[in-house]
Amino acid sequence: MGEIIYKVLIKVSLAIPILWYLIDKTDYKLWWIILIAVAFGFIVMPAIRQFEDFNLKNSEVIEKSICSSCRHFDKSSVLCMKYDKQLKPGFIPCEGNSWEPNND
């Protein structure tokens, strides 16, 4: 998940100087259309697709593993907070020994 945010920040830092340069070179009404197109096409849509891919790739771990019902599980990053390890299908960091029920 952090990789998605990192890429969005990089894209925003690239888009700002380019759009700043274009504000003087284009008509004001056209510049707003360019701004919306760049923001949506270069920043927002790729981030949404990466987020969907992240959820699809990790859906098995989130829905079917014992870790998803543990209090140390962080769903947003598919991470065991106690052992600070990424979860993968077929991999449980604690082998189920440190599992504690989620009280939510």
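The values are calculated or read from the model by the stated rules, or taken from the named source; none is laboratory data. Keep in mind that this is a model prediction, so the values were computed, not measured. A quick note on method: Cβ atoms are made from the backbone with ideal geometry, for glycine too, and the neighbour counts reach across all protein chains shown.
Quick notes on this one:
Okay, residues lined up against (1) modelled with pLDDT of 95 or more; (2) of a type in the set (A, V, I, L, M); (3) not assigned by TED's automatic domain parsing to the domain that holds GLN86:
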residue	(1), (2), (3)
ILE18	no, yes, yes
LEU22	no, yes, yes
THR26	no, no, yes
LYS29	no, no, yes
TRP32	no, no, yes
VAL38	no, yes, yes
MET45	yes, yes, yes
ARG49	yes, no, yes
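- Selection of the range 17-29 for residues being in a helix (DSSP H, G or I) and either surrounded by 11 or more Cβ atoms within 10 Å (Cβ to Cβ) or in contact with a helix residue (DSSP H, G or I) (Cβ under 7 Å, 6 or more places away or on another chain) (or both) yields ILE18, LEU19, LEU22, ILE23.
- Residue within the range 91-101 that is surrounded by fewer than 11 Cβ atoms within 10 Å (Cβ to Cβ), on the phi < 0 side of the Ramachandran plot and in contact with a helix residue (DSSP H, G or I) (Cβ under 7 Å, 6 or more places away or on another chain) present: yes
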